[in-house]
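Novice: Below is a structure I'd like to ask you about.
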Amino acid sequence: MIKLHYFAGRGRAETTRWMLAACEIAFQNAVVQSPAELAALRVSGKLPFDQLPLLEIDNQCISQSTALIRYLARRGDFYGDNNNDALWCDMVAGTVADLAEAAMQAAFQADTGLAVSMMQSRLDKFGPRFESRLGQVGTGFIVGSRVTFADIVLASALTDYLELAPSCLQGYPLLTQLQTRITGLPGIARYLDSPERYPVPGDEYVMSVARVLQRPLPSHMADPNQFVVG
Ligand SMILES: N[C@@H](CCC(=O)N[C@@H](CS)C(=O)NCC(=O)O)C(=O)O
């Protein structure tokens, strides 16, 4: 079984989960729940660069979320039809990472209003560019005439945005269509409805990450140093 080692939540593993789903590759979340489990992974030699997420696939242990999604994109033929498509996939995926970061950090903010306003300013910056790109390409996809990993990571980020700010895509009909189309792909739809899909991250997730990494909680939380050792 293919294993994805990460904390008990979406975080930097989520784009890999979406790509596994798009490739229709069955996988298991291998949850790192305690400092001891992380320490065991660190000494196991499995972590190429001593970081999570870690994907065990094709008889190798691989890491770095941006490398993981590209590996799966090549494996599943989601990297476009030529070098120029691949370039645009990378440009879009890089911009999506800048958009997605605000949603990924939302659970760590002092309140939801602040988190949503940070997300809104990212969407105000990038949303019109994505919308206009979709208009120019004219196929319903952000690159070329079939699904690429750029569509998949974009739909993943948009889904995170919609969960926290349900009306945020008003005024973006093409982005709305793309999000609907990609979340309706059979592998993705199955994944989103499966136990491997984590809920919108909240305090519980923030605490589990801090506990495993033995690092401080965000300062607005009670007893921020409760997991810090020494
Ligand atoms: N650029 C890396 C960042 C990985 C990263 O920061 N991982 C964190 C968890 S989200 C980690 O492993 N922290 C523990 C450590 O660096 O020792 C990626 O996208 O995969």
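Rule-based calculations on the coordinates, nothing more; no lab input. Predicted model, so just to flag it, every value in this text is computed and none were measured. Quick reminder, even Gly has a Cβ in these numbers, built from the backbone with ideal geometry, and neighbours come from all protein chains shown.
Novice: Does Arg190 satisfy being exposed (fewer than 15 other Cβ atoms within 10 Å of the Cβ) and not in a loop (DSSP other than H, G, I, E, B)?
Specialist: In short, yes.
Novice: Hey, among the residues in segment 78-95 that are surrounded by 13 or more Cβ atoms within 10 Å (Cβ to Cβ) and in a loop (DSSP other than H, G, I, E, B), which one's farthest from the chain's Cα centre (by Cα)?
Specialist: It comes out as Asp81.
Novice: Also, quick follow-up: In this structure, does Arg211 turn out to be in contact (Cβ under 8 Å) with a residue 12 or more places away in the chain and either in a loop (DSSP other than H, G, I, E, B) or loosely packed, with under 15 Cβ neighbours inside 10 Å (or both)?
Specialist: Here the answer is no, as Arg211 does not meet what is asked.
Novice: Conditions first: (1) more than 19 Å from Val153 (Cβ to Cβ); (2) in contact with a helix residue (DSSP H, G or I) (Cβ under 9 Å, 6 or more places away or on another chain); (3) away from the ligand (no atom under 15 Å from the Cβ). Phe108 passes all but one, so which condition is the exception?
Specialist: Every listed condition holds for Phe108 apart from (3).
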